[in-house]
């Protein structure tokens, strides 16, 4: 297979996986909800809103410790980017890419060329199973283990992990394991629960949970 054929095949494989991601329609205005969040030993209440990719807000009636509030807004923004998604063509699709079809349990490997983060993706059955990106000596690897699959075959991750490796130190700096539970809403779906368990290089473990309820549409 020629280099141009490999590149075209890689683009087809990755574009197909992106096309099968679940994402809100362009005219969906988002939602607000009541949230309970925090670590296993302390939970707080908040009113939150998710309005677009990266557009997430939270307000609390009582003072909340900065790390806990920052965790809440970070996870809401993460969820918003997943749910509203982004178009493949002007993002990953703008790079040349190649495909390594050597048999692997997570599927063939798509490698982006010219991407400043040297991103790679493994794809199996129309789903991204493993994604990696680099920033200096740091390597971030996201592995999806379970999916929430819609009747139309579009998917969202429901169980996944993030590992951050430091190549200069030759060690894993941090591992985060995620569990997401989704709920039907206004013909779409919304997050009901997100649980994150983290461990750092010192072996310190933290577990945090976000529960959402009483969703209301925005811009209806």
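Any read-out appearing in this document is the output of simple, stated calculations on the displayed coordinates, not a laboratory observation. Here the structure is a predicted model, which means the values were calculated and not measured. Reconstructed Cβ throughout: ideal geometry from the backbone, glycine too, with neighbour counts over all protein chains shown.
Counting helices only, and only those DSSP H runs with n ≥ 4, report the 222 nm mean residue ellipticity of the chain as the sum of -39,500 (n - 2.57) divided by its residues, in deg cm²/dmol to the nearest 500. Spell out each step's value before the answer.
Details: 2 runs with 36 residues, N = 220.
Computed mean residue ellipticity for the chain: -5500 deg cm²/dmol.
With springs only between Cα atoms under 10 Å, which of 61, 11, 131 fluctuates most in a Gaussian network model of the chain?
61
Remind me, relative contact order of the chain in percent, using alpha carbon pairs under 8 angstrom and six or more residues apart?
Dividing the mean separation by the residue count of the chain yields 20 percent.
What is the diffusion coefficient of segment 133-190 in µm²/s, taking the Kirkwood radius over Cα pairs and the Stokes-Einstein relation at 4 °C with a viscosity of 1.567 mPa s?
Details: Rh = 13.3 Å.
D, rounded to a whole number, is 97 µm²/s.
Only counting other Cβ atoms within 10 Å, I'd like 147, 183 sorted with the fewest neighbours first.
Details: 147 20, 183 13.
By the 10 Å Cβ count, ascending: 183, 147.
Using only the Cα atoms of segment 147-220, each taken as one equal point scatterer with no solvent, compute I(q) by the Debye sum, divide by I(0), and report log10 of the ratio at q = 0.15, 0.26 Å⁻¹.
Summing over Cα pairs of segment 147-220 leads to -0.67, -1.16.
Hey, any idea what Rg/Rh is for the chain, computing Rh the Kirkwood way over Cα pairs? Walk me through the numbers before you get to the answer.
On the way: Rg = 18.6 Å, Rh = 18.8 Å.
Radius of gyration relative to Kirkwood radius: 0.99.
Can you pull a Stokes-Einstein diffusion coefficient for segment 1-114 at 10 °C (1.306 mPa s), Rh from Kirkwood over Cα pairs, as a whole number of µm²/s? Show your work: numbers first, answer last.
Working: Rh = 17.0 Å.
Estimated diffusion coefficient is 93 µm²/s.
Taking springs between alpha-carbon atoms closer than 10 angstrom, which of 193, 201, 73 fluctuates most in the Gaussian network model of the chain?
Comparing 193, 201, 73 in the GNM, the peak value goes to 201.
Angle check, please: helix 3-19 long axis (alpha carbons) against the longest principal axis of the chain (alpha carbons), in degrees 0 to 90, nearest 10.
20 degrees
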